[in-house]
Each structure stands twice: as structure tokens, then as C-alpha cells.
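Read the structure below first, then the notes.
The values are calculated or read from the model by the stated rules, or taken from the named source; none is laboratory data. Keep in mind that this is a model prediction, so the values were computed, not measured. When we count neighbours, we look across all protein chains shown, and the Cβ atoms used for this are built from the backbone with ideal geometry, even at glycine.
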Ligand SMILES: [Zn+2]
């Protein structure tokens, strides 16, 4: 639940601190998940099956933005989660950062 809070913060302002916060919370969740997997061994098999399915999807899919490179990550654009290549992912993140900078400047102008 701390992870959700951290993700909301990233959505509000994308910066080094908010991203670092998400990474930290992700690590916490991962530790917790690993503990849960020890308690429920069946979950590991289910997870493996799902990850394999997802990997096949990611490998066979082409980037939704340029249509050239294979999908390397998922990106949320206009509230939709789409698969993008590494190049486009970087481009979009840059765009987002610029957008946030713009709104910050606007707020300062008031
Ligand atoms: Zn692309």
C-alpha cells in the first residue's frame, strides 16, 4: 500500500526522489512476496506460468509507438497501458518530465 502511495507521488511529480521512493517500496513488496511464496509454494508455479505468458507477449509484440523495435517496457500514456520499446520509453518519460516542468512554471507565475 506504501507502493501505491509512492506511485501516486510519481504521477504527481516525476523526479529522482519520487522514483527512488517507488524503487524502495518495490523492494519492500518483493521481499514480502518472497516470504509469501515460501508460505504458499503453489503461488510460485502460478507466477512462473503467468510470467512466461507475458514474456511471450512482450517478445512477439512490436512497439506501439514506432512499430519497429520489440517491446521492452510498459508505459502509461493517456491512462492506457501500452507496450513500448526502450527508445520510445525514454522519449515519453522526457516528454512527461517536460510537461511537469511546464505546469510548475505556470503555477509559479500566479
Ligand atoms: Zn518504439
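Within the stretch 59-74, restricting attention to residues that are assigned to a strand (DSSP E or B) and touching a helix residue (DSSP H, G or I) at 6+ places or on another chain (Cβ under 7 Å), which residue is surrounded by the most Cβ atoms within 10 Å (Cβ to Cβ)? It would help to see each step written out before you state the result.
At the first step, the residues of the stretch 59-74 found to be assigned to a strand (DSSP E or B) are 62, 70, 73-74.
Narrowing the set further to residues that are touching a helix residue (DSSP H, G or I) at 6+ places or on another chain (Cβ under 7 Å) leaves 70, 73.
Values: 70: 13, 73: 15.
Among residues in the stretch 59-74 that are assigned to a strand (DSSP E or B) and touching a helix residue (DSSP H, G or I) at 6+ places or on another chain (Cβ under 7 Å), the one surrounded by the most Cβ atoms within 10 Å (Cβ to Cβ) is 73.
Given the criteria exposed (fewer than 14 other Cβ atoms within 10 Å of the Cβ) and touching a helix residue (DSSP H, G or I) at 6+ places or on another chain (Cβ under 8 Å), does residue 43 qualify? Please lay out each step first, then the result.
Numbers: exposed (fewer than 14 other Cβ atoms within 10 Å of the Cβ): yes; touching a helix residue (DSSP H, G or I) at 6+ places or on another chain (Cβ under 8 Å): yes.
So residue 43 fits the description; yes.
Quick check on my filter: what residues within the stretch 71-96 are touching a residue at least 24 places away in the same chain (Cβ under 8 Å) and more than 10 Å from the ligand (Cβ to nearest atom)?
Result: 93, 96.
Return the residues of the stretch 75-92 that are surrounded by 14 or more Cβ atoms within 10 Å (Cβ to Cβ) and outside any loop (DSSP other than H, G, I, E, B); say none if nothing qualifies.
If the condition is that a residue be surrounded by 14 or more Cβ atoms within 10 Å (Cβ to Cβ) and outside any loop (DSSP other than H, G, I, E, B), then 75, 77, 82, 83, 84, 87, 88, 89, 91, 92 are the ones that fit.
Quick check on this structure: which one of 51, 29, 10 is in contact with a helix residue (DSSP H, G or I) (Cβ under 9 Å, 6 or more places away or on another chain) and at pLDDT 80 or above?
Working: 51 fails: in contact with a helix residue (DSSP H, G or I) (Cβ under 9 Å, 6 or more places away or on another chain); 10 fails: at pLDDT 80 or above.
From the options 51, 29, 10, the qualifying one is 29.
Among (1) in a helix (DSSP H, G or I); (2) more than 16 Å from the ligand (Cβ to nearest atom); (3) within 16 Å of the chain's Cα centre (by Cα), where does residue 37 come up short?
It fails just one condition, (3).
Condition check: more than 18 Å from the chain's Cα centre (by Cα) and either within 15 Å of the ligand (Cβ to nearest atom) or modelled with pLDDT under 85 (or both). Does residue 67 satisfy that? Write out each step before concluding.
Values: more than 18 Å from the chain's Cα centre (by Cα): yes; either within 15 Å of the ligand (Cβ to nearest atom) or modelled with pLDDT under 85 (or both): yes.
Yes: the conditions hold for residue 67.
Inside the stretch 40-64, can you point out the residues that are within 10 Å of the ligand (Cβ to nearest atom) and farther than 26 Å from residue 7 by Cα?
We begin by selecting, within the stretch 40-64, every residue within 10 Å of the ligand (Cβ to nearest atom); these are 62-64.
Result: 62, single match.
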